[in-house]
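Below is one structure, written out as C-alpha cells, with a few remarks after it.
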Amino acid sequence: MELNQPIIVDTDYLSDYLVGTLPAKRATFQLLKEEMYIVTTTITVSELYYGRYRRKWQERRSMALETLISTLTVLPFAHEHTKQYGKLRAHLVDNGLDIGFVDTAIASIALVEDLPILTANVEHFNRIKGLILRNYR
C-alpha cells in the first residue's frame, strides 16, 4: 500500500500515541485504512521536547520520543508560514479569538500547505476559517 495523502498531527495526538491511548491507536489505524500518512511540524516537535524536559521523562519514554520523531516528516515553520501566521494571529486577536502562538503557528502551516490537522483540540482550531480538521477522540 502506498500512502500518499499527508495529514498534520498535533501535540495532543503525538502525546497520546506515545503513551498508547486507544483513541490514538484507532486514529492511526483509520489513517492507514485511508492511505494517509502522518506529518508534523517543528512547532509540535518543540512542544514535545518542552513536555519531555518539563516533566523530566524517564529514559525509555525519551527514547520513544526520539524514535517517533526520527520516523516523521517534520514540516518547518518557514517564511511563507510566518507571513500567514502574522495575518492569522492579527485577525484572531482583533476578533477576540486568540488561540496563542503554538496553535496559530500549526494552523498557519496547515493553511499554507493545504493539509488537514488531526487533533483533539478542535475548540481552538475551529476558530480558523478554511482549516480542515479531524478530531481523533
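The values are calculated or read from the model by the stated rules, or taken from the named source; none is laboratory data. All of these numbers come straight from a predicted model, not from anything done at the bench. When we count neighbours, we look across all protein chains shown, and the Cβ atoms used for this are built from the backbone with ideal geometry, even at glycine.
Assuming Ala64 fulfils every condition listed in (1) out of contact with any Ser or Thr (no Cβ under 8 Å at 6 or more places or on another chain); (2) in a helix (DSSP H, G or I); (3) at pLDDT 95 or above apart from one, which condition is it?
Against the list (1) out of contact with any Ser or Thr (no Cβ under 8 Å at 6 or more places or on another chain); (2) in a helix (DSSP H, G or I); (3) at pLDDT 95 or above, Ala64 comes up short only on (3).
Among the residues that make up region 20-37, is at least one of them of a type in the set (Val, Ile, Thr) and either in contact (Cβ under 8 Å) with a residue 12 or more places away in the chain or on the phi > 0 side of the Ramachandran plot (or both)? Don't jump to the end; show me each part of the working.
Keep residues of region 20-37 that are of a type in the set (Val, Ile, Thr), which gives 21, 28.
Now drop any that are not either in contact (Cβ under 8 Å) with a residue 12 or more places away in the chain or on the phi > 0 side of the Ramachandran plot (or both), which leaves none.
Within region 20-37, none of the residues are of a type in the set (Val, Ile, Thr) and either in contact (Cβ under 8 Å) with a residue 12 or more places away in the chain or on the phi > 0 side of the Ramachandran plot (or both).
Taking Arg134 and the conditions (1) under 16 Å from Tyr13 (Cβ atoms); (2) in a helix (DSSP H, G or I); (3) not hydrophobic (A, V, I, L, M, F, W, C), which numbered condition does it fall short on, given that it satisfies the others?
(2)
I'm trying to understand the selection: among the residues of region 29-50, which are surrounded by fewer than 16 Cβ atoms within 10 Å (Cβ to Cβ) and either among the β-branched types (Val, Ile, Thr) or in a helix (DSSP H, G or I) (or both)?
Once the filter is applied, which keeps residues that are surrounded by fewer than 16 Cβ atoms within 10 Å (Cβ to Cβ) and either among the β-branched types (Val, Ile, Thr) or in a helix (DSSP H, G or I) (or both), region 29-50 yields Phe29, Gln30, Leu32, Lys33, Ser46, Tyr49, Tyr50.
Please work out if Asp103 is closer than 21 Å to Arg137 by Cβ, in contact with a strand residue (DSSP E or B) (Cβ under 6 Å, 6 or more places away or on another chain) and part of a helix (DSSP H, G or I).
For Asp103, the condition - closer than 21 Å to Arg137 by Cβ, in contact with a strand residue (DSSP E or B) (Cβ under 6 Å, 6 or more places away or on another chain) and part of a helix (DSSP H, G or I) - is not met.
Kindly provide the set of residues from region 34-52 that are modelled with pLDDT under 95 and among the hydroxyl-bearing types (Ser, Thr, Tyr), ordered by number.
Once the filter is applied, which keeps residues that are modelled with pLDDT under 95 and among the hydroxyl-bearing types (Ser, Thr, Tyr), region 34-52 yields only Tyr37.
State which residue is nearest to Ile7 (Cα to Cα) when the search covers only region 50-100 and only residues that are charged (D, E, K, R) and touching a residue at least 24 places away in the same chain (Cβ under 8 Å).
Checking each candidate, the answer is Glu80.
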